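Just below is one structure, and these are the notes that go with it.
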Amino acid sequence: MLAFRLFIMLLGLLLGWAAGHALAAGMSDPELGRVNTLSLMLAGALAALLLAPRAERLAAQGLARFRRWYAGLSPRTVAAATCGLIVALLLSVLLGNLLRGVPFYTWIGSVVVTLVLAAFFVSFAVRHAEAFGLLAFPQVRRQPGSKLLDSNVLIDGRILELSRSGFLEGELVVPGFVLRELQVLADHSDPQKRTRGKRGLNVLEELRQVRPLRIEDWDDPQLPNVDDKLVRLARETGGKLLTNDGNLGKIARLHGLEVLSLHALAVALRPQVQAGDRLTITVTKSGQQQGQGVGYLEDGTMVVVEDGLKFRGKATRVLVVNNVQTNVGRMIFAKVEKSDAA
């Protein structure tokens, strides 16, 4: 940034002026002192110009770390630290009045006592932040470009590859109640639910290594289920809801929220097959009519092959005859090419 580099150069000028002024104080020739001061100011400005890019990178890294730290603060931690600081200030005032009559006691002693009490009570309160939950109001910062993840999209796992590809922009936010839902599933007695919960936690751990995640420690005990909490959190933060739950998506859209569905994205990215196209599929089972064979494309689209049952288990070249969209998905009707039929 130009402003930051100008500030660094100004700082170099001031340091050069201070060094020249201190050097000129012990000299008898004022003209020589002024020349030395100008030389040191020029040297300081040039040194600052050389060091400005590195200082800018260090400042950007420090600012990024501060933003991550600030984004990770929970309302309970802030409430606990504030209460600890209040107690430390009150005790420092009482101790200051008691120690005022002690000989050699000055204001420096009051500052030291205040710092010691603040360090003790703030750290103690932060370690026991769960006890200050009633003082932490469920307020969240607005993040218009953020993406709120629900448990379904984490269990699905496709978000991991989407993040690695770089097509998913913005900040990814995982609410704390979604983490608790995954933990409950991972500890469930039902093997299927336990497997789903563990898969969601594993995907979340791998996703955290791909790109930064922010855990939003927000909750509203008055809301009955996780879906209601997700809708409420998305409304308050202004973020987009990333989910595979069709019913949740409908409810969110009724509330005026923007919903991103990985299932809809996968459907939109399916290759468009038209009549006359040639495909290579493997017939895996018989169709409803006699002699029909059924195979599937890589995206799961069903392909019905006329007189294809005799090629069961073999990779077969087929010619697309028709492409039909049904309420359960897309179906492709094809026939075996003459070369393969022969």
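Just checking, which of Val113, Val78, Val35 is part of a helix (DSSP H, G or I), surrounded by 12 or more Cβ atoms within 10 Å (Cβ to Cβ), among the aliphatic types (A, V, I, L, M) and free of Cβ contacts under 8 Å to residues at least 12 places away in the same chain?
Residue meeting the stated conditions: Val35.
Please enumerate the residues belonging to segment 38-63 that are in contact with a helix residue (DSSP H, G or I) (Cβ under 8 Å, 6 or more places away or on another chain), over 12 Å from Ile8 (Cα atoms) and open to solvent by less than 80 Å² (accessible area, probe 1.4 Å).
Ser39, Leu40, Met41, Ala43
With (1) in a helix (DSSP H, G or I); (2) at pLDDT below 85; (3) closer than 24 Å to Asp219 by Cα as the list, and Leu73 as the residue in question, which single condition is left unmet?
(1)
Take the residues in segment 81-96 that are open to solvent by 70 Å² or more (accessible area, probe 1.4 Å) and not β-branched (Val, Ile, Thr), then tell me which one is farthest from Phe120 (Cα to Cα).
In this case the residue turns out to be Leu94.
Would you point out the residue of segment 151-188, among those that are small (Gly, Ala, Ser) and at pLDDT 90 or above, that is nearest to the chain's Cα centre (by Cα)?
Residue satisfying both the conditions and the ranking: Ser151.
In the set Ile159, Ile155, which member is in contact (Cβ under 8 Å) with a residue 60 or more places away in the chain, open to solvent by less than 80 Å² (accessible area, probe 1.4 Å) and among the β-branched types (Val, Ile, Thr)?
From the options Ile159, Ile155, the qualifying one is Ile159.
Search segment 194-210 for residues that are touching a residue at least 12 places away in the same chain (Cβ under 8 Å) and closer than 14 Å to Val178 by Cα and pair each with any residue that is open to solvent by 90 Å² or more (accessible area, probe 1.4 Å) and not in a helix (DSSP H, G or I) when their beta-carbon atoms are under 9 Å apart and the residues are at least 6 apart or on different chains.
Gly197/Asp187
Considering only residues that are surrounded by 12 or more Cβ atoms within 10 Å (Cβ to Cβ) and part of a helix (DSSP H, G or I), look in segment 97-110 and name the one that is farthest from the chain's Cα centre (by Cα).
Per the criteria, the residue is Leu99.
How many residues does segment 320-342 hold that are closer than 17 Å to Glu298 by Cα, open to solvent by less than 50 Å² (accessible area, probe 1.4 Å) and modelled with pLDDT of 85 or more?
Total satisfying the criteria: 3.
Has segment 269-288 got any residue that is part of a loop (DSSP other than H, G, I, E, B) and in contact (Cβ under 8 Å) with a residue 60 or more places away in the chain?
yes
How many residues are out of contact with any helix residue (DSSP H, G or I) (no Cβ under 9 Å at 6 or more places or on another chain) and surrounded by fewer than 14 Cβ atoms within 10 Å (Cβ to Cβ) if we restrict to segment 257-291?
Qualifying residue count, segment 257-291: 13.
Select from segment 288-314 the residues that are at pLDDT below 85 and under 44 Å from the mean Cα position of the chain (by Cα) and list them in ascending order.
Leu297, Glu298, Asp299, Gly300, Thr301
Across segment 116-150, which residue is surrounded by the most Cβ atoms within 10 Å (Cβ to Cβ) among those that are at pLDDT below 65 and among the aliphatic types (A, V, I, L, M)?
Restricting to residues being at pLDDT below 65 and among the aliphatic types (A, V, I, L, M), the top hit is Ala136.
Report, by residue number, each residue of segment 1-43 that is modelled with pLDDT under 80 and of a type in the set (Val, Ile, Thr).
Within segment 1-43, Val35 is the sole residue that qualifies.
The values are calculated or read from the model by the stated rules, or taken from the named source; none is laboratory data. Here the structure is a predicted model, which means the values were calculated and not measured. Glycine also receives a Cβ, built like all others from the backbone with ideal geometry; neighbour counts cover every protein chain displayed. Please note that ligands, DNA and RNA were not included when accessible areas were found on the heavy atoms of the full protein model with its side chains. Shrake-Rupley method; radii C 1.70, N 1.55, O 1.52, S 1.80 Å.
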